[in-house]
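Asks: Have a look at this one before I ask anything.
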Amino acid sequence: MSTTSLTTSLPVPDHADRLRAALLAAGFTADGLLDRLGAPAYAALARSETVPALRATRGDGALDALVRLFLLQQRVPYEQARSALPMDEALADGWVARDGDGVRAAVDVRPYGGPDGEDWYIVSDLGCAVGGASGAGGRGEGVVLGVGGASTTLAGLTVRTPVASALDLGTGSGIQALHATRHATRVTATDLNPRALEFTRLTLALSGAPEAELRTGSLFEPVGSETYDLIVSNPPFVISPGARLTYRDGGMGGDDLCRVLVQQAGERLNDGGYAQFLANWQHVEGEDWKDRVRSWVPRGCDAWIIQREVQDVTQYTELWLRDAGDHRAGPEEYQARYEAWLDEFEARRTKAVGFGWITLRRSGADEPSVVVEEWPHPVEQPLGETVRAHFARQDYLRARDDAALLADHFVLAPEVVQEQVGLPGAEDPEHVILRQNRGMRRATKVDTVGAGFTGVCDGTLSAGRILDAIAQLTGEDPVVLRDRTPRAIRLLVEEGFLEPARPDGRG
Ligand SMILES: C[S@@+](CC[C@H](N)C(=O)[O-])C[C@H]1O[C@@H](n2cnc3c(N)ncnc32)[C@H](O)[C@@H]1O
């Protein structure tokens, strides 16, 4: 069975450098668009609303022509298009096609600013971002979408340490592969949908990025037993009653696709390598969701699993029915589809679905650290460095028993503040909160010892010496204090409130 019902042939990137030069010269960049459209129309476009941008691009300049062609999918007069593009190449390579006395774009080309101000372009199927927020409503099953919120979330989460090899599994229009070309010597991008790989090739070429190895196939099948330093995947994680849209419906039952992906990633990671996924998981009656996802973690890997959101099955169903444009079907059709989703969840005894982030790191540790937590609060992206630091802290903690921990010196992590909560006018706070203003933006309640301890952590004294001083002030037995506090210190280190004063933990 073909994975696509979209038969139009796609452009070839033979003259991508010429096209790229023309786009840049016209100011068809993320910054250029913001300037030309103004913030409200620019933001509306990001919400897939095109009317404000149409109104802002009625001029006859090159940038207006490009916005209308590639973002708004309008017919543009030939002469105006010619002021913006090398037309012979653009027509010959298939980026645009003649339409009467004008031209139309064959694909959606969207400026995308890289993390270091790179002017990149994401090439995807026409129509997915036009005509109001409707996801891929009415498109063929093999439609290739551009960048969505999930794509940028994963790109922000990804650990960006320079590596030899990276794999982007389910590359779509290539955004994760594009990011990986900045810090991986060799990038492999795979997709079940062959059209997606054609789009990835175009995205990389038009962005002026190095080529990637492109391989068609399901899950890890196209890479066999090859191993990587980094694996990323924003997979088709939607838990649905049947596979209709390749970009989101994995075609395996329930959350099986995510489970298999996570389970099989372990043996494809080099030592110290990371695998990072977005995933959905079932909340099954009588089962703790944490146990469910913990059971997916492969041997030899540490894991950090964060549940960001939970939706009950009705919210979840409505989200994806709207995404597919099913809300525009007649009431009977809509009801039938809605029921099919609820039947599926009922059969799987599933009450809700969790959305979250899964990172594995191949540590080879005898006692792997598997942290599964719920953190629905705002975070500061990009989090790649926070993710890397989480695993470095796990290595650090694993290597130290309590005595070694107390011999070490700590500093308060940058941008941690203390908040005292209590009734106005009260002499003592009811409780003290430590709050991170960066990264995960965690907050944690500490007792008086915890507050006093973190307050003097400037790296000068060892943890044990600080506890002895606190014991002297409070009259508590120092031996008891040394005995009971390491657990709390471990937690503060694990969550990134305290950092070892030197990477090796020695003062
Ligand atoms: C949600 S999209 C992600 C696209 C892109 N990586 C991003 O981050 O925006 C999921 C992609 O996985 C692909 N896909 C679907 N089933 C797959 C499978 N069994 N194996 C590999 N890729 C698959 C789809 O074609 C689609 O391109």
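Asks: Among Ala136, Ala166, Ala150, which is touching a His at 6+ places or on another chain (Cβ under 9 Å), within 14 Å of the ligand (Cβ to nearest atom) and either aliphatic (A, V, I, L, M) or modelled with pLDDT under 95 (or both)?
Replies: Ala166
Asks: What pairs can you find where one residue is in the stretch 49-75 and at positive phi, the other is surrounded by fewer than 17 Cβ atoms within 10 Å (Cβ to Cβ), and their Cβ atoms are less than 6 Å apart, with a gap of 6+ or different chains?
Replies: Matching pairs, first to second residue: Gln73/Val130.
Asks: Next question, about the same structure. Can you name the helices (runs of 4 or more DSSP H) wholly within the stretch 392-507 that have at least 2 residues being farther than 30 Å from Asp366 by Cα, β-branched (Val, Ile, Thr) and at pLDDT below 95?
Replies: 448-455
Asks: Read through the list (1) closer than 20 Å to Ser124 by Cα; (2) in contact with a Phe, Trp or Tyr (Cβ under 6 Å, 6 or more places away or on another chain); (3) crowded, with 24+ Cβ neighbours inside 10 Å, then give the number of the only condition that Ala212 fails.
Replies: Exception for Ala212: condition (2).
Asks: Could you tell me how many of the residues in the stretch 144-180 are surrounded by fewer than 24 Cβ atoms within 10 Å (Cβ to Cβ) and charged (D, E, K, R)?
Replies: Residues flagged as surrounded by fewer than 24 Cβ atoms within 10 Å (Cβ to Cβ) and charged (D, E, K, R) within the stretch 144-180 amount to 1.
Asks: Would the stretch 371-380 turn up any residue that is in contact with a helix residue (DSSP H, G or I) (Cβ under 6 Å, 6 or more places away or on another chain), part of a strand (DSSP E or B) and in the same structural domain as Asp468 (by TED's automatic domain parsing)?
Replies: no
Asks: Also, quick follow-up: Hey, Pro111 hits all of (1) crowded, with 16+ Cβ neighbours inside 10 Å; (2) at pLDDT below 95 but one; which does it fall short on?
Replies: (2)
Asks: Okay, next question. Within the stretch 196-239, how many residues turn out to be of a type in the set (A, V, I, L, M, F, W, C), touching a residue at least 40 places away in the same chain (Cβ under 8 Å) and within 11 Å of the ligand (Cβ to nearest atom)?
Replies: The number of residues fulfilling the criteria is 8.
Asks: For the stretch 69-83: of the residues being under 17 Å from Val123 (Cβ atoms) and surrounded by 24 or more Cβ atoms within 10 Å (Cβ to Cβ), which is farthest from the chain's Cα centre (by Cα)?
Replies: Among those residues, the one meeting the criterion is Leu69.
Asks: Considering every residue within the stretch 283-304, establish whether at least one is within 14 Å of the ligand (Cβ to nearest atom) and either on the phi < 0 side of the Ramachandran plot or aliphatic (A, V, I, L, M) (or both).
Replies: Checked against the condition, which is being within 14 Å of the ligand (Cβ to nearest atom) and either on the phi < 0 side of the Ramachandran plot or aliphatic (A, V, I, L, M) (or both), the stretch 283-304 yields no hits at all.
Asks: Just a yes or no: is a residue in the stretch 178-195 more than 8 Å from the ligand (Cβ to nearest atom), part of a loop (DSSP other than H, G, I, E, B) and more than 19 Å from Glu385 (Cα to Cα)?
Replies: no
Asks: For the stretch 394-446, which positions are within 31 Å of the chain's Cα centre (by Cα) and of a type in the set (Gly, Ala, Ser)?
Replies: Within the stretch 394-446, Ala399, Ala413, Gly439, Ala443 qualify.
Asks: Continuing with the same structure: Quick one: is Ser173 in contact (Cβ under 8 Å) with a residue 24 or more places away in the chain, polar (S, T, N, Q), within 13 Å of the ligand (Cβ to nearest atom) and not in a helix (DSSP H, G or I)?
Replies: For Ser173, the condition - in contact (Cβ under 8 Å) with a residue 24 or more places away in the chain, polar (S, T, N, Q), within 13 Å of the ligand (Cβ to nearest atom) and not in a helix (DSSP H, G or I) - is met.
The values are calculated or read from the model by the stated rules, or taken from the named source; none is laboratory data. None of these values were measured; they are calculated from a predicted model. All Cβ positions, glycine included, derive from the backbone under ideal geometry; neighbour counts span all protein chains shown.
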